[in-house]
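For reference, the structure is listed below as structure tokens.
The values are calculated or read from the model by the stated rules, or taken from the named source; none is laboratory data. In this text, all values refer to a predicted model and were calculated from it rather than measured experimentally. Every residue, glycine among them, receives a Cβ derived from its backbone with ideal geometry; neighbour counts consider all protein chains shown.
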Amino acid sequence: MNKFISCLEELAQNGGDVTRTARNLREFLGDLASRSRPLGVLLFLLVPLIAARGQEANGTSTISFGVGGTWVLVRPHELPGGPQFDGSYEYRFRKHWAVELGVDTTVTTYFYPSYSYYGGGSPTAGHISAITFGFRYVYPLSRGRAELFAGLQGAYIWGPNNYSEWAAMLSVGGRLAVDKQKHCWLGSTARYVNDFGYPQGRWFTATADLGFRFGH
């Protein structure tokens with residue numbers, strides 16, 4: 001915990017050694033994740049709050065729906081990828097910062113391990129689902145009519161074959177307002193997901209998104 005506190009102090013100071021801070025955070029979070037995965041994810045998500053201090057309030061909310069696909073980079077428990085569907089709620093509490101809560105589902109076909117080890121078994125339809133939560137940095141363009149964003153999230157994932165695990169997720173994307181009032185948005189989001197299981201599962205997802213914004 002002392003290492004985590006020192007990392008926060010370095011981030012708060014002007015002219016801090018960013019490379020050393022990032023290395024210390026990585027070492028601390030890696031050690032914490034091996035002991036308590038949920039706590040490690042939550043502390044990882046506290047870091048963006050420091051950067052949000054002092055920014056002007058925004059107060060808008062955006063509800064988004066996405067359709068796309070999931071590609072498995074490292075497959076856990078014989079689970080492949082498939083079509084991806086997601087929904088999320090984003091609250092913009094500062095000019096460039098927002099909190100986000102979402103639900104993702106990937107429709108997949110899988111084999112029960114007890115059969116696949118012998119080359120038998122038949123594929124069975126199922127789904128991998130996740131509850132996601134975290135922060136998003138938003139950079140407006142063209143007087144606010146377009147936005148680029150990058151997110152840092154935690155997730156709880158569950159699926160067939162008794163698979164369940166905590167995970168960390170990085171996301172990047174962009175969106176464009178299609179009306180003058182900036183209520184309706186079209187965009188795309190790419191996500192990289194890494195769980196904390198053994199063996200680790202790693203996914204890449206990409207979706208086309210439709211969003212509706214309200215508030216200030």
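Quick notes on this structure:
- Criterion: over 16 Å from GLN84 (Cα atoms) and modelled with pLDDT of 95 or more - qualifying residue of ARG175, ARG143: ARG175
- Residue among THR108, THR62, THR132, THR124 that alone is polar (S, T, N, Q), at pLDDT below 80 and buried (at least 16 other Cβ atoms within 10 Å of the Cβ): THR108
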